[in-house]
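**Student:** Below you'll find the structure I mean.
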Amino acid sequence: MLNSLFIVNTSGDVILEKHWKSVIHRSICDYFFDAQRKASSPEDVPPVISTPHHYLISVYHNQIYLLAVTTSETPPLMVLEFLHRVVQTFTQYFDECSDSAIKDNIVIVFELLDEMLDNGYPLVTELNILQDLIKPPNFLRNIANQVTGRTNVSEVLPTGQLSNIPWRRQGVKYTNNEAYFDVIEEIDAIIDKQGSTVFAEIQGYVDCCCKLSGMPDLTMTLVNPRLLDDVSFHPCVRFKRWENERVLSFVPPDGNFRLLSYHIAAQNMVAIPVYMRHSIQLKGGTGRLELTVGPKQSMGKMLEEVVVEMSMPKAVLNCSLVPSHGKYSFDPTSKLLQWNVGKIELGKPPTLKGTVSISGTAACEPPPITVKFKINQLTVSGLKVNRLDMYGEKYKPFKGVKYITKAGRFQVRT
Amino acid sequence: MTDSKYFTTTKKGEIFELKTELNSDKKEKKREAVKKVIASMTVGKDVSALFPDVVNCMQTDNVELKKLVYLYLMNYAKSQPDLAIMAVNTFVKDCEDPNPLIRALAVRTMGCIRVEKITEYLCEPLRKCMKDEDPYVRKTAAVCVAKLHDMNPTLVEEQGFVELLNDLLSDANPMVVANAVAALTEINEQRPLIEVNSQMVNKLLTALNECTEWGQVFILDALADYSPRDEREAQNICERISPRLAHANAAVVLSTVKVLMKLIELLPNDSEFITQLIRKLAPPMVTLLSAEPEIQYVALRNINLIVQKRPDILKQEMKVFFVKYNDPIYVKMEKLDIMIRLAQQSNIAQVLSELKEYATEVDVDFVRKSVRAIGRCAIKVEQSSERCVATLLELIQTKVNYVVQEAVVVIKDIFRKYPNRYESIISTLCENLDTLDEPEARASMIWIIGEYAERIDNADELLESFLDGFHDENTQVQLQLLTAVVKLFLKRPQDTQQLVQKVLSLATQDSDNPDLRDRGYIYWRLLSADPVAAKQVVLAEKPLISEETDLLEPSLLDQLICHIGSLASVYHKPPNSFIDAARQPLRQINNGISSGAPTGLLDTVAHSTTSTTNSAQPTVIPAQDTLIADLLSLDLNSSIPTGASATGGFPAPSASGGLEDLLGGIGGDGLMGDNSSPQDMGHGAAMAAASANAGMGGLADLFGSTIPSATGGLNLPKQLWLDASKAKGMQLEGSVIRRNGRILMDMTITNKAMQAMSGFAVQLNKNSFGLFPAEAIQMPAPLLPGQSINVSVPCNTGGPVQRMDPLTNLQV
């Protein structure tokens, strides 16, 4: 199991170390730093590194690495999942999981880690329970604690921890009872030079925000549950009922959580809501670039927050381009060309046109284009919530469903 | 209002300042001081001097303060064992506290204090906590047993904690069960005390549905070690765990896949149930690929295994393995591997156009691998070879240096697979001769020239141009050049005599490299003794190269399939060789369905005085103080690519280039006469193995004295097979030898440990030569420390044969 955890940043400093078994000297991180130096970018450091006596398993997030050290055979996925959970928890507690956030809250971080692992085994990772045990930092509470002498650490055992529904705390009370559901679909796609789809799939999520008093038991029915043949559920969903009746029945955790995620595979045709025309020539001194982006089968909904990005080759010095809509920027150090198109209205499709100055005379391969967009009130797959019923409590909650389609990893090859 | 303020005091008297604050009467001040101490501790500052002052704060009813002090104690108790005793009383008292949170906290912290003296005091409170009325305390106590076992295993066994843990497996609370399983697994890893039985399996399956995600992983991993009694039970387990495939936690999913993959083996292959189950397996694995890149990586490494074992599961899912340009490089490489494995006629067009796209990317390693992949596709799917070659030619036209080099290497393989089909492209290749600067590409090009010497008009000129810098070339290139020139000579003897003499003298007289010299001499003798035979040997028809590369050896694959989701599966290494031998002397090889043959050629097992000898079974049931010299980690890979001969009848490894020419020389008729009776085959094998051991030096002897060795007693220098440091003090040197028509394994065993050793047994794993010990090892009395002894074990060659790759890879 996990022996030790180090949090290090990209410049090679150890921000924090914690050991659950015997102490492993921080020089073990040197193996990691070696691998880091070899990698061309921070994301490219291999997640599992073996050293003569230890194995280093790491995740990268926002300029820091969480580095777990283990000495014996341990399922690496479990460690990785756990580390991601740590990142999520820190993000919830401190709004971001970063170098400075951790340094600012080092004692809480330490307390949290101590609750989350015991002897290297994950102990409490449910956010609901953790928040019961250790209150998140909060300006007002800090002041109040200072005055009253209370602390951020709970004195009693959180009730939910050992019940059959460990994800929900007891005694939740709200004056306004509400439950919001966001059905979010992300399109991952690779579009080739000619504009035809090489690969496309939908990654969908149902995220919830439940602020319901007591122990509500919810049942959600979908208009077309057949779409979901590859689903991962939050532990609260009763799998048997899904198998038999295709109904989502669950007692929700309190607050924000992901009810389910689903995957609609490449075999089913995925409608691509956007097209991209490009003509890029990068050779000899000056190159030309022309991009056009427009809606395609957007089912009457508008494309919003459209952003087009290209990581230019190193030889590109600068760009002088004219966008018909939106703004563009080029960062000469990171070589990132970003075109912020915004909303695409009906009519003439937005274009970005102009010249690119290049050092040297050799021709460069044009880089692939990443497109980001958002369509409100639409799911590409057609998934729809039919109804939501609540049992177990008497009050009538306010319910709402929102549908969003977004670009996931959407790439156009050039 | 942040904790960074705790770092701000960096004045000289910091410790002193903290000391006064810690001893302050005000609770608030005390707490702030402890926080400052903890903050310094986290960044690695030494605040151990404050130990007594911090421990004084322990007696408090403030939970946060208590927790903080406990955190401090865990860190520094080891350095101040005497002072740590001071804390014991408080711990014992806290274990009786009415608040279960405090009870659990106390027992948890006590387990983390790794001080011998404290462990004695821990036993009573721990025993009480294991029977506590509150499940939270019980589950914490279960983990504490594992902690205690790590420090003092005998104490745990004496005090009967293992039995108590076993009782917890039947606990009403699933979380307690899960933690008990986790603790037992950890204890079992070091010494198997409890085996999973069918009764336990039922309890575990019940707990599985209700416990936390992490508990599910523990339980599933424990289930993976269980072998069901019959089909029905296996099917039942499959049915009950398959809902876990829809879990959001990737670790749960992969552990479920592991158990299912293992159980599928037990069920009849063509049943409806299996078909359905296999259909269920694909979507969750695809889903793992949309997780974070780190998770994708581990998933891909495991999918690589699954695809080798059961290619049908994911054959429809090719597209999810397409590479995105912003995938991290480690994900890209793995995806590419799997794409090649899944490539078949129906999807080859798609795959090829993808690979071509990748070959223009920026990352050099990735581009190289993509080019190689195109070559693999050509070899794997015959119908596509034409298009692959065309694609490769296009890539060569780009003149990007590393692309060209990589393309040349794969084209050589394509020539091997489809001889006499694509020679038309040789001229294009020759144009790029000057740009090749990597040894492998140069060697490949030279091989091509040698192989097709009769069709390249200026082959002699081309080869001669390489000769000028002969001594600066890499060995690989030198060997290849030597062979190519000999081939050229045999094909066009009239005008190349001078050239061949030049290269032979370069190789034999002017070179320090024994490999090169030996090969040179073989050719020389062959050519001077019998040119017809030389032709037969050097220009012999080459065995076809295999379609798949990097395939894992089947028994290793089976073993890894049983360990899906483990670190071993990420590294594709045998699980038992994987764990740090120094820390964990043994780990029972999973003797489930497919434990089969361990991968090595030779497993030497030594028991110390207390154990019993059991040489018949592949896995020896470990007893106390047993030592298994885990020899698997030793890899006596021969540096000379010895392999099969054309006539010897061994399956040929897919050695690259023209190396097989040499092999023809070694085992072939030229030197040893045309003998292929089994006995002689064994002889050749033994010789090959011996030469592998003896390394380069021995090779010369081998050639010089092939005949004497068959009758007399060639004494090869013994090689170190096993180093004392890797085998708990047992050092093993040995060689395989033939004396009076029998194959003997000569070994010198030295005891470098502190204790006497006895009860030796020798076991050979299935190997390429069918070699197995004919008699049990004869060992007089226990081997005393420092003593060493020479033994010979006669061997026969009638044992089960299993192909190893490379043939002489002696994994001891």
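**Student:** In the stretch B:319-327, is there at least one residue being out of contact with any strand residue (DSSP E or B) (no Cβ under 8 Å at 6 or more places or on another chain), within 14 Å of another protein chain (Cβ to nearest Cβ) and outside any loop (DSSP other than H, G, I, E, B)?
**Tutor:** Yes, because at least one residue in the stretch B:319-327 is out of contact with any strand residue (DSSP E or B) (no Cβ under 8 Å at 6 or more places or on another chain), within 14 Å of another protein chain (Cβ to nearest Cβ) and outside any loop (DSSP other than H, G, I, E, B).
**Student:** Anything in the stretch B:410-432 that is assigned to a helix (DSSP H, G or I) and surrounded by fewer than 16 Cβ atoms within 10 Å (Cβ to Cβ)? List them, or say none.
**Tutor:** Once the filter is applied, which keeps residues that are assigned to a helix (DSSP H, G or I) and surrounded by fewer than 16 Cβ atoms within 10 Å (Cβ to Cβ), the stretch B:410-432 yields B:Glu423, B:Ser424, B:Ser427, B:Thr428, B:Glu431.
**Student:** Continuing with the same structure: Can you report the number of residues in the stretch A:221-255 which are within 13 Å of another protein chain (Cβ to nearest Cβ) and among the polar types (S, T, N, Q)?
**Tutor:** So the count comes out to 2.
**Student:** Which residues, counting only those in the stretch A:183-206, are out of contact with any Ser or Thr (no Cβ under 9 Å at 6 or more places or on another chain), more than 10 Å from chain B (Cβ to nearest Cβ) and either small (Gly, Ala, Ser) or surrounded by 17 or more Cβ atoms within 10 Å (Cβ to Cβ) (or both)?
**Tutor:** A:Gly195, A:Ser196 - these are the residues of the stretch A:183-206 that are out of contact with any Ser or Thr (no Cβ under 9 Å at 6 or more places or on another chain), more than 10 Å from chain B (Cβ to nearest Cβ) and either small (Gly, Ala, Ser) or surrounded by 17 or more Cβ atoms within 10 Å (Cβ to Cβ) (or both).
**Student:** Can you tell me which residue among B:Ala299, B:Ala282, B:Ala291, B:Ala251 is in contact (Cβ under 8 Å) with a residue 12 or more places away in the chain, at the interface with chain A (Cβ under 9 Å from one of its Cβ atoms) and outside any helix (DSSP H, G or I)? Before you say what the answer is, go through the steps one by one.
**Tutor:** Numbers: B:Ala299 fails: outside any helix (DSSP H, G or I); B:Ala282 fails: outside any helix (DSSP H, G or I); B:Ala251 fails: outside any helix (DSSP H, G or I).
Every option except B:Ala291 fails the conditions.
**Student:** Looking at the stretch A:192-222, which of the residues that are within 23 Å of the chain's Cα centre (by Cα) and β-branched (Val, Ile, Thr) is modelled with the lowest pLDDT?
**Tutor:** Among residues in the stretch A:192-222 that are within 23 Å of the chain's Cα centre (by Cα) and β-branched (Val, Ile, Thr), the one modelled with the lowest pLDDT is A:Ile202.
**Student:** Considering (1) buried (at least 21 other Cβ atoms within 10 Å of the Cβ); (2) under 43 Å from the mean Cα position of the chain (by Cα), say which one B:Ile102 fails and leave the rest.
**Tutor:** In the conditions (1) buried (at least 21 other Cβ atoms within 10 Å of the Cβ); (2) under 43 Å from the mean Cα position of the chain (by Cα), B:Ile102 misses (2) alone.
**Student:** Going residue by residue through the stretch A:112-126, is there one that turns out to be modelled with pLDDT of 75 or more, out of contact with any Ser or Thr (no Cβ under 8 Å at 6 or more places or on another chain) and away from chain B (no Cβ under 12 Å)?
**Tutor:** no
Okay, residues lined up against (1) modelled with pLDDT under 90; (2) part of a loop (DSSP other than H, G, I, E, B); (3) of a type in the set (Phe, Trp, Tyr):
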| site | (1), (2), (3) |
| --- | --- |
| A:Leu346 | yes, yes, no |
| A:Pro366 | yes, yes, no |
| A:Phe373 | no, no, yes |
| A:Gly382 | yes, yes, no |
| A:Ile404 | no, no, no |
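**Student:** Another question, if that's okay. Take A:Lys384 and decide whether it is more than 20 Å from A:Ala200 (Cα to Cα), in the same structural domain as A:Met215 (by TED's automatic domain parsing), among the charged types (D, E, K, R) and surrounded by 15 or more Cβ atoms within 10 Å (Cβ to Cβ).
**Tutor:** no
**Student:** Give the residues of the stretch B:547-566 that are among the acidic types (Asp, Glu) and either modelled with pLDDT under 85 or within 16 Å of B:Ile303 (Cβ to Cβ) (or both), sorted by residue number.
**Tutor:** Of the residues in the stretch B:547-566, the ones among the acidic types (Asp, Glu) are B:547-548, B:550, B:553, B:558.
The answer is B:Glu547, B:Glu548, B:Asp550, B:Glu553.
**Student:** Turning to a different aspect of this structure: Which residues, taken from the stretch B:169-186, are surrounded by fewer than 24 Cβ atoms within 10 Å (Cβ to Cβ), modelled with pLDDT of 85 or more and under 11 Å from B:Ala142 (Cβ atoms)?
**Tutor:** If the condition is that a residue be surrounded by fewer than 24 Cβ atoms within 10 Å (Cβ to Cβ), modelled with pLDDT of 85 or more and under 11 Å from B:Ala142 (Cβ atoms), then B:Leu169, B:Asp171 are the ones that fit.
**Student:** Now for a separate question. Being assigned to a helix (DSSP H, G or I), more than 9 Å from every other protein chain (Cβ to nearest Cβ) and buried (at least 20 other Cβ atoms within 10 Å of the Cβ) is the filter here, so list the residues in the stretch B:54-65 that pass it. Before the answer, list the steps.
**Tutor:** Going through the stretch B:54-65, the residues assigned to a helix (DSSP H, G or I) turn out to be B:54-56, B:63-65.
Next, only the ones that are more than 9 Å from every other protein chain (Cβ to nearest Cβ) stay: B:54-56.
If the condition is that a residue be assigned to a helix (DSSP H, G or I), more than 9 Å from every other protein chain (Cβ to nearest Cβ) and buried (at least 20 other Cβ atoms within 10 Å of the Cβ), then B:Val54, B:Val55 are the ones that fit.
**Student:** Restricting the search to the stretch B:252-291, which residues are modelled with pLDDT of 90 or more and either among the aromatic types (Phe, Trp, Tyr) or touching a strand residue (DSSP E or B) at 6+ places or on another chain (Cβ under 7 Å) (or both)?
**Tutor:** Passing the criteria: only B:Val253.
**Student:** Could you list, in sequence order, the residues of the stretch A:23-67 that are touching a helix residue (DSSP H, G or I) at 6+ places or on another chain (Cβ under 8 Å) and without any contact (Cβ under 8 Å) to a residue 24 or more places away in the chain?
**Tutor:** Matches in the stretch A:23-67: A:Val23, A:Ala39, A:Ser40, A:Glu43, A:Asp44, A:Val45, A:Pro46, A:Ile49, A:Ser50, A:Thr51, A:Tyr55, A:Tyr60.
**Student:** Residues of the stretch A:58-81 being within 24 Å of the chain's Cα centre (by Cα), more than 8 Å from chain B (Cβ to nearest Cβ) and modelled with pLDDT of 90 or more, which ones?
**Tutor:** A:His61, A:Gln63, A:Ile64, A:Tyr65, A:Leu66, A:Leu67, A:Ala68, A:Val79
**Student:** Still on this structure, please answer the following. Can you tell me which residue within the stretch B:4-31, out of those that are surrounded by 17 or more Cβ atoms within 10 Å (Cβ to Cβ), within 14 Å of another protein chain (Cβ to nearest Cβ) and modelled with pLDDT of 80 or more, is farthest from A:Lys103 (Cα to Cα)?
**Tutor:** Checking each candidate, the answer is B:Lys30.
**Student:** Now for a different question. In the list A:Phe6, A:Phe90, which residue meets the criterion of being more than 8 Å from every other protein chain (Cβ to nearest Cβ), modelled with pLDDT of 90 or more and over 28 Å from A:His234 (Cα atoms)?
**Tutor:** Details: A:Phe90 fails: over 28 Å from A:His234 (Cα atoms).
Only one candidate passes the filter, namely A:Phe6.
**Student:** Separate question: Mind listing whichever residues of the stretch B:138-150 are within 9 Å of chain A (Cβ to nearest Cβ) and not charged (D, E, K, R)?
**Tutor:** Answer for the stretch B:138-150, where residues must be within 9 Å of chain A (Cβ to nearest Cβ) and not charged (D, E, K, R): B:Thr140, B:Val143, B:Cys144, B:Ala146.
**Student:** Now, a different point. Please go through the stretch B:103-136 and give me each residue that is facing chain A (nearest Cβ under 9 Å) and over 19 Å from B:Pro153 (Cα atoms), ordered by number.
**Tutor:** If the condition is that a residue be facing chain A (nearest Cβ under 9 Å) and over 19 Å from B:Pro153 (Cα atoms), then B:Ala104, B:Asp134, B:Pro135, B:Tyr136 are the ones that fit.
**Student:** Enumerate the pairs (first residue in the stretch A:370-382 and on the phi > 0 side of the Ramachandran plot; second residue anywhere and in a loop (DSSP other than H, G, I, E, B)) with beta-carbon separation below 9 Å, excluding pairs fewer than 6 apart on the same chain, so at least 6 apart or on different chains.
**Tutor:** Cβ pairs passing all conditions: A:Gln377/A:Lys301; A:Gly382/A:Val223; A:Gly382/A:Asn224.
**Student:** A further question follows. Would you please name the residue that is nearest to A:Ile15 (Cα to Cα), looking only at residues in the stretch A:68-82 that are surrounded by 23 or more Cβ atoms within 10 Å (Cβ to Cβ) and touching a residue at least 60 places away in the same chain (Cβ under 8 Å)?
**Tutor:** Among residues in the stretch A:68-82 that are surrounded by 23 or more Cβ atoms within 10 Å (Cβ to Cβ) and touching a residue at least 60 places away in the same chain (Cβ under 8 Å), the one nearest to A:Ile15 (Cα to Cα) is A:Ala68.
**Student:** Given the residues B:Pro228, B:Pro243, which is the only one that is more than 14 Å from chain A (Cβ to nearest Cβ) and not in a strand (DSSP E or B)?
**Tutor:** Within the list B:Pro228, B:Pro243, the selection yields B:Pro228.
Listed here are the residues, each with its yes/no results for (1) more than 15 Å from B:Thr435 (Cα to Cα); (2) in a helix (DSSP H, G or I); (3) modelled with pLDDT under 90.
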{"site": "B:Thr360", "(1), (2), (3)": "yes, no, yes"}
{"site": "B:Ile379", "(1), (2), (3)": "yes, yes, yes"}
{"site": "B:Ser385", "(1), (2), (3)": "yes, yes, yes"}
{"site": "B:Val389", "(1), (2), (3)": "yes, yes, no"}
{"site": "B:Ala407", "(1), (2), (3)": "no, yes, no"}
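**Student:** Right, next: Can you tell me which residue in the stretch A:258-271 is nearest to the other protein chains (Cβ to nearest Cβ), limited to those that are of a type outside the set (D, E, K, R) and surrounded by fewer than 19 Cβ atoms within 10 Å (Cβ to Cβ)?
**Tutor:** Among residues in the stretch A:258-271 that are of a type outside the set (D, E, K, R) and surrounded by fewer than 19 Cβ atoms within 10 Å (Cβ to Cβ), the one nearest to the other protein chains (Cβ to nearest Cβ) is A:Gln267.
**Student:** Right, here's the next one. Among the residues of the stretch A:357-364, are any at pLDDT 85 or above and not hydrophobic (A, V, I, L, M, F, W, C)? Give the steps one after another, and end with the answer.
**Tutor:** Narrowing the stretch A:357-364 to residues at pLDDT 85 or above: A:357-358.
Keeping just the survivors that are not hydrophobic (A, V, I, L, M, F, W, C) gives A:357.
So far as the stretch A:357-364 goes, yes, one or more of its residues are at pLDDT 85 or above and not hydrophobic (A, V, I, L, M, F, W, C).
The values are calculated or read from the model by the stated rules, or taken from the named source; none is laboratory data. Note that the coordinates shown come from a computational prediction; the quantities given were computed from them, not determined experimentally. Please note: Cβ atoms are built from the backbone with ideal geometry, for glycine as well, and neighbour counts cover all protein chains shown.
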